[in-house]
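S.K.: Supplied in structure tokens, the structure appears directly below.
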Amino acid sequence: MKALNVISLILVILGGLNWLSVGLFEYDVVSELFGGADEVGSKIVYIIVGIAALYAIALFPKVAKDD
């Protein structure tokens with residue numbers, strides 16, 4: 001389960017960095033790599049990052065725990 005947490009965190013960070021590049025430079029790295037935002041490859045990446053973000057919601061109790 002720890003590996004899934006790490007993979008999810010990495011995907012969410014990469015997704016966030018992609019949105020940072022969109023916001024600052026109007027440059028979408030994912031769509032550039034896969035030939036456009038409407039291409040199947042881009043959509044798959046967006047879906048996987050979205051699922052990772054949904055999974056990361058479950059990590060809140062672990063992160064918010066007071067020691």
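The values are calculated or read from the model by the stated rules, or taken from the named source; none is laboratory data. Please read these numbers as outputs of a predicted model, since none were measured by experiment. Don't worry about glycine lacking a Cβ; one is built from the backbone with ideal geometry, like all the others, and counts go over all protein chains shown. Accessible surface areas use protein heavy atoms only, side chains included; no ligands, DNA or RNA. Shrake-Rupley method; radii C 1.70, N 1.55, O 1.52, S 1.80 Å.
S.K.: With r defined as the distance between the Cβ atoms of Leu24 and Ala56 and R0 fixed at 22 Å, what FRET efficiency is calculated, to the nearest 0.05?
M.R.: The computed FRET efficiency comes out at 0.45.
S.K.: Right, another one. If you fit an axis through the alpha-carbon atoms of helix 40-57 and take the longest principal axis of the Cα set of the chain, what angle between them do you get, 0 to 90°, nearest 10?
M.R.: Approximately 20 degrees, to the nearest ten.
S.K.: For semi-axes √(5λ) of the Cα gyration tensor in Å, the listed values are (1) 27, 14, 8; (2) 24, 12, 10; (3) 67, 10, 5; which was obtained by calculation from the structure presented?
M.R.: Computing semi-axes √(5λ) of the Cα gyration tensor in Å and matching it to (1) 27, 14, 8; (2) 24, 12, 10; (3) 67, 10, 5 gives (1).
S.K.: Also, I was wondering about something else. Roughly how many Å² of Ile7 are accessible to a 1.4 Å probe, to the nearest 10?
M.R.: Answer for Ile7: close to 90 Å² accessible.
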